[in-house]
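Step one of this worksheet: look at the structure below.
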Amino acid sequence: AKYCTQCGCLGPPKSKVQGTFLLELFLWCCFCFPGFLYTLWRITNQVKVCRECGSASLIPPTSPRAQQLMNR
């Protein structure tokens, strides 16, 4: 579980794929090799975000900052 510093949600994060599907589709249709590279980049560069607000500012709930924010 992670603590979101934006909305205060405490729970498991979700993965978010960077980039856009339309660009990926365009690259695959026009150029196979760049499409493959873009797809590979999207798969390997996923980020963990808050399930509630989508923010990437997540910290462990045991950190001093999270403890301070949860006690408010």
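Listed conditions (1) out of contact with any Phe, Trp or Tyr (no Cβ under 6 Å at 6 or more places or on another chain); (2) open to solvent by less than 100 Å² (accessible area, probe 1.4 Å) are all met by LEU10, apart from (1). Can you say whether LEU27 is open to solvent by less than 40 Å² (accessible area, probe 1.4 Å), hydrophobic (A, V, I, L, M, F, W, C) and in contact with a helix residue (DSSP H, G or I) (Cβ under 7 Å, 6 or more places away or on another chain), as far as the supplied structure shows? Yes. Within segment 36-51, not a single residue is at pLDDT below 95, open to solvent by 60 Å² or more (accessible area, probe 1.4 Å) and not in a helix (DSSP H, G or I).
The values are calculated or read from the model by the stated rules, or taken from the named source; none is laboratory data. All figures in this text were calculated on a predicted structure; none of them were measured in a lab. With ideal geometry, Cβ positions are generated from the backbone for all residues, glycine too; neighbour counts draw on all protein chains shown. The protein model used for the area step is the full one, side chains on, heavy atoms only, and it has no ligands, DNA or RNA in it. Shrake-Rupley method; radii C 1.70, N 1.55, O 1.52, S 1.80 Å.
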